[in-house]
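FYI, it's all coordinate maths here, none of it is from the lab. Here the structure is a predicted model, which means the values were calculated and not measured. Methodologically, a virtual Cβ is constructed for each residue, glycine included, from the backbone with ideal geometry; neighbour enumeration extends over all protein chains shown.
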Amino acid sequence: MTAVTCAGIVGLPIGAALALARFPGRTAIIVIVNTLMGFPPVVAGLAIFLLLSRSGPLGGFGLLFTPQAMMIAQFVLVLPIIVALSRQTIEDLWTEYRDHLTSLGANRLRSIPTLLWDGRFSLVTTMLAGLGRASAEVGAILIVGGNIAGFTRTMTTSIALETSKGDLALAMALGIVLMSLTLAINGLAYGISRVGARFTGRA
Amino acid sequence: MLRRAFLTAAASVLVAAGLLLPAHAEDRFITVASTTSTQDSGLFNVLLPAFTAKTGITVKVIAQGTGQALDTARRGDADVVFVHAKAQELKFLADGFATKRFPVMYNDFVVVGPKSDPAGISGTKDVAAAFKTIADKKAPFVSRGDKSGTNTAELSLWKTAGVDLQAVRGEWYREIGQGMGATLNTANAMAAYTLSDRATWIAFANKGDLGIVVEGDKKLFNQYGVMLVNPEKVPTVKAADGQAFIDWLVSPEGQAVIASYKIGDQQLFFPNAGDPNA
């Protein structure tokens with residue numbers, strides 16, 4: 001959750017900036033970000049593991065096998081999704097409102113906050129996609145978190161562990177709980193954005 | 001509105017930064033790199049709370065195969081290793097990553113396989129002969145393939161049986177690179193043979209059509225040892241608390257807790273800290 005929030009704070013403005021700014025290499029960056037959406041979590045996990053290990057460059061912080069390490073991993077995985085999806089949303093909005101905003105004297109940079117605010121309901125979906133990735137993830141957090149009971153054990157890593165123990169019924173039950181939670185969060189977010197859209201008079 | 005949004009963002013970043021700070025200093029904990037068998041068998045669920053209640057030290061367990069657990073400690077990411085592959089442990093000692101190895105407990109490995117027993121080895125007392133038959137008949141066999149203690153034991157059994165794995169391996173020999181429980185799941189699904197430590201086998205809840213086919217051979221002995229990572233080699237090691245855990249494990253009290261762990265009426269691990277040859 002924290003990871004997704006941080007990724008949102010960092011990712012949304014970057015996505016918007018990427019949608020509006022024009023600079024050499026922009027296309028290349030967009031392609032890279034889109035590619036990173038499919039970043040294999042295990043690879044991300046391994047890279048962060050090597051960074052945070054006591055013998056790695058950031059080993060001094062002692063972060064490996066902590067929830068903080070897991071947040072970092074999820075941040076890295078979620079960020080490209082939020083950047084890529086918000087870029088798409090903002091770029092579409094820009095196409096729509098370009099003339100209007102320009103006539104009000106706003107330049108591209110100044111338009112970013114307005115467009116972000118304007119697109120907030122579709123951006124909720126973007127954030128949910130990020131949250132989905134974070135909560136469904138197991139490969140990266142297993143590597144950097146270590147699946148320590150009561151400390152870095154999550155729903156997904158418990159499911160992996162119970163499957164290992166051969167307790168398939170418990171594993172499946174946990175899976176159903178996780179699915180229900182996700183369903184509830186998505187339902188809630190959808191409801192909020194619908195209500196919000198009605199309030200501001202836009203469907 | 002912009003200003004408020006900015007303040008919100010700034011506040012969120014601060015909260016996030018707070019969460020990212022390392023855990024509170026007053027939490028006393030050690031990190032133990034151990035094997036999947038000690039975790040999947042449920043031993044740690046009774047062992048660790050007893051130790052924490054006595055000392056106030058929390059134990060965080062990373063359950064990996066023995067080879068991986070030793071590597072984790074070599075990188076400096078664990079304070080204590082609790083594993084079961086004597087040759088690898090002695091190498092760890094020889095490399096100076098630990099100064100003393102303490103035997104803790106033992107159990108044994110068992111060969112499990114489908115009730116249909118395609119290799120016809122059920123009831124064999126000689127595990128080497130059984131392995132030879134499996135290879136000759138190319139009966140499906142699932143290997144851990146992860147340098148764990150069990151994997152090490154399995155590979156040395158093939159050697160003892162006179163089977164040159166590289167020469168005869170084919171589709172019947174399936175390396176899956178996963179923990180003991182996952183390997184048993186796979187063996188069950190494929191109606192294959194595999195080697196398991198007895199503790200994980202007894203605790204395993206998805207036995208399906210699998211059963212023990214070979215047991216009781218002396219070659220199936222499975223010794224567990226514990227070592228403190230050498231603080232001279234890895235300065236971040238919590239030497240005092242780590243040694244406290246080891247001392248407790250080999251103390252009469254810790255040994256009694258190990259002996260008391262049962263599933264049904266079966267004892268899973270047999271303490272033998274007093275045995276100098278173990």
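The mean number of Cβ atoms from other chains found within 10 Å of a Cβ in peptide A:2-9 is 3, as a whole number. Between the beta carbons of B:Ile263 and A:Thr95, assuming R0 = 41 Å, the FRET efficiency works out to 0.05 to the nearest 0.05. Our note on the geometry: Cα centres of the range B:190-254 and the range A:94-124, 61 Å apart. Peptides B:214-223, A:11-20, A:41-50 ranked from most to least packed, by the mean per-residue count of other Cβ atoms within 10 Å: A:11-20, A:41-50, B:214-223.
Spin-label model, B:Asp95 to B:Asp27: label points 7 Å out along the Cα-to-beta-carbon direction sit 2.9 nm apart.
Ignoring lysines fewer than eight residues from B:Lys137 along the same chain, the ones with Cα atoms less than 20 angstrom from its Cα are B:Lys115, B:Lys125, B:Lys159. Looking at A:Ala189, B:Gly162, B:Phe109, which one has the Cα that reaches farthest to the positive end of the dipole of the protein assembly as shown (charges on Cβ: Lys, Arg +1; Asp, Glu -1)? Value computed over the given set: A:Ala189.
Under the rule a/c < 1.5 gives rounded, and otherwise a/b versus b/c splits prolate from oblate, where does the protein assembly as shown land using the Cα gyration tensor?
Values: a/c = 2.53, a/b = 1.93, b/c = 1.31.
Because a/c hits 1.5 or more and a/b exceeds b/c, the protein assembly as shown counts as prolate.
Dividing the mean sequence gap of close Cα pairs (under 8 Å, 6+ apart) by how many residues the range A:1-106 holds gives a relative contact order of 47 percent. Quick one: grab the alpha carbon gyration tensor of chain A, order the square roots of its eigenvalues as a ≥ b ≥ c, and give me rounded if a/c is under 1.5, else prolate or oblate depending on whether a/b is larger than b/c. Oblate is the answer for chain A, as a/c is 1.5 or above yet b/c matches or exceeds a/b.
What 222 nm value per residue comes from the helices of chain A, counting each DSSP H run with n ≥ 4 as -39,500 (n - 2.57) and dividing by all residues, nearest 500 deg cm²/dmol?
-26000 deg cm²/dmol
Under a straight-distance cross-link criterion of Cα-Cα below 12 Å, which aspartates and glutamates are reachable from B:Lys147, leaving out those fewer than 8 residues away in the same chain? Result set, ordered by chain and number: B:Asp71, B:Glu175. Around B:Gly181, what is the net charge, scoring Lys/Arg as +1 and Asp/Glu as -1 over all other residues with Cβ under 10 Å from its Cβ? Result for the neighbourhood of B:Gly181: -2. Taking 0.36 nm per residue of separation and subtracting the current Cα-Cα distance, fully stretching the chain between A:Val42 and A:Arg22 would add 3.8 nm. Look at the stretch A:109-118: the mean tally of other chain Cβ atoms within 10 Å of its residues' Cβ atoms is 1.
Using the average count of surrounding beta-carbon atoms within 10 Å as a protection proxy, the listed peptides B:167-180, B:224-237, A:150-163, B:142-155 rank, highest first, as B:142-155, B:224-237, A:150-163, B:167-180.
Summing +1 for each Lys or Arg and -1 for each Asp or Glu among the other residues whose beta-carbon sits under 11 angstrom from that of A:Gly146 gives +1.
Using 7 Å Cα-to-Cβ label points, what is the A:Leu51/B:Ser116 separation (nm, one decimal)? Inter-label distance under the simple model: 5.0 nm. Expressed to the nearest 5 percent, the antiparallel share of DSSP beta bridges inside the protein assembly as shown is 60 percent. The distance between label points at A:Val31 and B:Asn45 comes to 5.2 nm (points 7 Å beyond Cα on the Cα→Cβ vector).
Report the relative contact order of chain B, percent, no decimals, based on alpha-carbon pairs under 8 angstrom and at least 6 residues apart.
Result for chain B is 27 percent.
Listed by number, the DSSP H helices of chain B that run 18 Å or longer by alpha-carbon position along their axis and have mean Kyte hydropathy of at least 0.0 are B:2-20, B:43-55.
Taking a ≥ b ≥ c as the square roots of the eigenvalues of the Cα gyration tensor, the range A:28-119 is classed as prolate, since a/c reaches at least 1.5 and a/b is larger than b/c.
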